[in-house]
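Enquirer: My questions will all concern the structure given below.
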Amino acid sequence: MKKIINPWAGEPTYHCYGCDPNSESGLRMEFYEDGDYIVSHWHPRAEFQGWRNTLATLADEIASWVVFRKFQTSGVTSRMEVKYHKPIMTTDSHISLRAKVAKQMRNVITIDVEIFDSTEQLCTTASCVYFLFPQQRAREEFGFMEFKTEDELNK
């Protein structure tokens with residue numbers, strides 16, 4: 001498993017709720033590449049609870065990182081279907097997320113997401129449909145930067 005370096009970390013105008021490592025109120029998620037999968041191990045905190053220690057899904061954030069890493073571009077979520085199998089508690093020591101490309105039709109991709117609790121029980125599945133921007137547009141209009149893993153960065 002290889003850690004993906006967040007190329008926006010430290011940028012003065014970067015304040016992503018999901019993945020800014022310096023956001024006091026954000027999720028501060030980190031991502032790793034594990035073969036076909038993008039993986040995140042996240043530590044829930046009480047301020048992210050919905051109903052009595054129950055956590056909402058993080059599927060959209062990890063799906064976007066699949067787009068960033070696997071396609072080296074950005075895009076927009078056009079549809080997401082979530083199935084909750086079991087509650088995730090904010091009192092869990094950690095949760096694990098896995099996501100991978102399930103299907104691609106030109107610039108529309110489907111990403112399958114799985115979220116597990118600290119005992120590795122499957123709690124949530126999601127299917128996220130993304131519309132991909134052309135790489136040049138993502139760079140010019142949205143400031144997209146290349147997403148590398150730690151070992152690629154150190155070469």
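The values are calculated or read from the model by the stated rules, or taken from the named source; none is laboratory data. As the structure is a computational prediction, the values presented were derived from the model and not from experiment. Every residue, glycine as well, gets a Cβ built from its backbone with ideal geometry; the counts of neighbours run over all protein chains shown. Only protein heavy atoms, including side chains, enter the accessible area calculation; ligands, DNA and RNA are left aside. Shrake-Rupley method; radii C 1.70, N 1.55, O 1.52, S 1.80 Å.
Enquirer: Could you tell me which residue of the stretch 115-126 is most open to solvent (accessible area, probe 1.4 Å), considering only residues that are assigned to a strand (DSSP E or B) and touching a residue at least 24 places away in the same chain (Cβ under 8 Å)?
Expert: Selected residue: L122.
Enquirer: When you look at V39, is it of a type in the set (A, V, I, L, M, F, W, C) and within 15 Å of I4 (Cα to Cα), yes or no?
Expert: Considered against the rule, which asks whether it is of a type in the set (A, V, I, L, M, F, W, C) and within 15 Å of I4 (Cα to Cα), V39 comes out as yes.
Here's the yes/no breakdown for (1) loosely packed, with under 14 Cβ neighbours inside 10 Å; (2) within 24 Å of R45 (Cα to Cα):
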| position | (1), (2) |
| --- | --- |
| Y84 | no, yes |
| M105 | yes, no |
| I109 | no, no |
| Y130 | no, no |
| F133 | no, no |
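Yes/no per residue for (1) closer than 17 Å to I62 by Cβ; (2) in contact with a Lys or Arg (Cβ under 6 Å, 6 or more places away or on another chain); (3) in contact (Cβ under 8 Å) with a residue 12 or more places away in the chain; (4) in a strand (DSSP E or B):
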position: L97; (1), (2), (3), (4): yes, no, yes, yes
position: K100; (1), (2), (3), (4): yes, no, yes, yes
position: Q104; (1), (2), (3), (4): no, no, no, yes
position: C128; (1), (2), (3), (4): yes, no, yes, yes
position: F144; (1), (2), (3), (4): no, no, yes, no
position: F147; (1), (2), (3), (4): yes, yes, yes, no
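Enquirer: While we're here: Check M29 against each of (1) surrounded by fewer than 20 Cβ atoms within 10 Å (Cβ to Cβ); (2) hydrophobic (A, V, I, L, M, F, W, C); (3) in contact with a Gly (Cβ under 6 Å, 6 or more places away or on another chain) and name the one condition it does not meet.
Expert: If we test M29 against (1) surrounded by fewer than 20 Cβ atoms within 10 Å (Cβ to Cβ); (2) hydrophobic (A, V, I, L, M, F, W, C); (3) in contact with a Gly (Cβ under 6 Å, 6 or more places away or on another chain), just (1) comes out false.
Enquirer: Which one is nearest to the chain's Cα centre (by Cα), of the residues in the stretch 89-103 that are open to solvent by 70 Å² or more (accessible area, probe 1.4 Å) and modelled with pLDDT under 95?
Expert: Going through the qualifying residues, I end up with S93.
Enquirer: So which residues in the stretch 121-141 are within 18 Å of the chain's Cα centre (by Cα) and over 20 Å from Q104 (Cα atoms)?
Expert: L122, C123, T124 - these are the residues of the stretch 121-141 that are within 18 Å of the chain's Cα centre (by Cα) and over 20 Å from Q104 (Cα atoms).
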